[in-house]
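Engineer: Before anything else, here's the structure in question.
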Amino acid sequence: MAGSLVIAGLGIQVPRQVTWEARAEIQRADRLLYLVADPVAEAWLRRSNPAAESLADCYLEGRSRAIAYQRMVERMLAPARNGARVCAAFYGHPGVFVSPTHEAIRIARAEHLEARMLPGISAEDCLFADLGLDPARSGCQSYEATDFLVNERTVDPRSALILWQAGLVGRVEYRHDGFGENRLGLSVLQATLLARYSPDHEVVIYEASPYSVIAPSIRRTCLRDLLASKLEATSTLLLPPVPSRANEPMLRRLGIDVASLQGTAAGDGDSRSGPSGPPPSVGTSRPAGERALI
């Protein structure tokens, strides 16, 4: 009998953010594979299904993380090929910064195995909520930090810019004991950003919290001082948009009354508040935070 593969998202705070659909798949799977960021999530998964098995051992010390991803794909597919009902659970959204899940589903479908993905609350969802950022107000650009540099991504400073895994910029290998200081990668990132933003432009260093009793880590600095800030593997950078004005000739072409837009996203933006400004501070405590995104 043909097996199946379900990729389930767990959210950032496990099990509080796990959907009922994901819970059902986790509990009835013949084989439950998982990759999570904290022991609370791991303990819950093992209670939910005695067949739970971690994918963390796919990582090899000092080797490229791409090798680990290939190993994960094979671990997910092997039991499904043998007829098992497989559920692979990943923290956050399993389709966001989790390349092996997309590859496993692609291969499974090519081999005529049933395969689908169940969404979960991602670190980006937490960022929007914790920082009060509405991407519809000024637009939002979102890049992985190393990809942002090596592929020379275009930036519109009038929109918010999110850079993921900034603490790992330029790093491709896996280190069990952490990645340590990354001054070279951060200095290159800072120099690239200074070509587009002023040295005084605000940078928000954000880390989502996996626990409801611990506030997210939200630290603010300016671009010139970025190298003096300690970044973790999970640190995300948010650069708020610069103030801008709506295109009044375009408003008139669209038949929109300019006066009616005062105080809306199409009007002036303040550097600290207002529709096109950055979000307010929510907290300043520094938790353990979520672990490295894969």
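The values are calculated or read from the model by the stated rules, or taken from the named source; none is laboratory data. Model, not experiment: these values are computed from the prediction. FYI the Cβ positions are ideal-geometry reconstructions off the backbone, even for glycines, and counts take in every protein chain you see.
Engineer: Using beta carbons and a limit of 8 Å, which pairs, at least six apart or on different chains, have the first residue in segment 115-142 and closer than 24 Å to Ser212 by Cβ and the second one of a type in the set (Phe, Trp, Tyr) and in a strand (DSSP E or B)?
Structural biologist: Cβ pairs passing all conditions: Gly120/Phe90; Ala123/Trp164; Leu127/Tyr206; Asp130/Tyr206; Leu131/Tyr206.
Engineer: Looking at Ala228, Ala208, which is the one that is touching a residue at least 40 places away in the same chain (Cβ under 8 Å), in contact with a Ser or Thr (Cβ under 8 Å, 6 or more places away or on another chain) and assigned by TED's automatic domain parsing to the domain that holds Ile162?
Structural biologist: Exactly one residue qualifies, and that residue is Ala208.
Engineer: Let me ask something else. Might you check whether a residue that is of a type in the set (A, V, I, L, M, F, W, C), modelled with pLDDT of 95 or more and over 18 Å from His93 (Cα atoms) occurs anywhere in segment 7-15? Reasoning before the result, please.
Structural biologist: First, the residues of segment 7-15 that are of a type in the set (A, V, I, L, M, F, W, C): 7-8, 10, 12, 14.
Subsequent filtering for residues that are modelled with pLDDT of 95 or more retains 7-8, 10, 12, 14.
Filter once more, keeping what is over 18 Å from His93 (Cα atoms): none.
Scanning segment 7-15 turns up no residue that is of a type in the set (A, V, I, L, M, F, W, C), modelled with pLDDT of 95 or more and over 18 Å from His93 (Cα atoms).
Engineer: Just one of (1) out of contact with any strand residue (DSSP E or B) (no Cβ under 9 Å at 6 or more places or on another chain); (2) within 21 Å of Gly83 (Cβ to Cβ) trips up Ile67, so point out which.
Structural biologist: (2)
Engineer: List the number of the failed condition for Ala115; all other conditions in (1) assigned to a helix (DSSP H, G or I); (2) of a type outside the set (Phe, Trp, Tyr); (3) in contact with a helix residue (DSSP H, G or I) (Cβ under 8 Å, 6 or more places away or on another chain); (4) farther than 21 Å from Val204 by Cα hold.
Structural biologist: Here Ala115 meets the rest and fails (1).
Engineer: His102 is checked against (1) surrounded by fewer than 23 Cβ atoms within 10 Å (Cβ to Cβ); (2) at pLDDT below 95 and fails just one. What number does that condition carry?
Structural biologist: Failed condition: (2).
Engineer: Another question, if that's okay. Could you tell me how many of the residues in segment 35-66 are modelled with pLDDT under 95, of a type in the set (Lys, Arg) and farther than 21 Å from Phe97 by Cβ?
Structural biologist: Counting residues in segment 35-66 that are modelled with pLDDT under 95, of a type in the set (Lys, Arg) and farther than 21 Å from Phe97 by Cβ gives 0.
Engineer: Which one of the conditions (1) surrounded by 16 or more Cβ atoms within 10 Å (Cβ to Cβ); (2) modelled with pLDDT under 95; (3) under 30 Å from Ser244 (Cα atoms) does Gly185 fail to meet, given that it meets all the rest?
Structural biologist: Of everything listed in (1) surrounded by 16 or more Cβ atoms within 10 Å (Cβ to Cβ); (2) modelled with pLDDT under 95; (3) under 30 Å from Ser244 (Cα atoms), Gly185 misses just condition (3).
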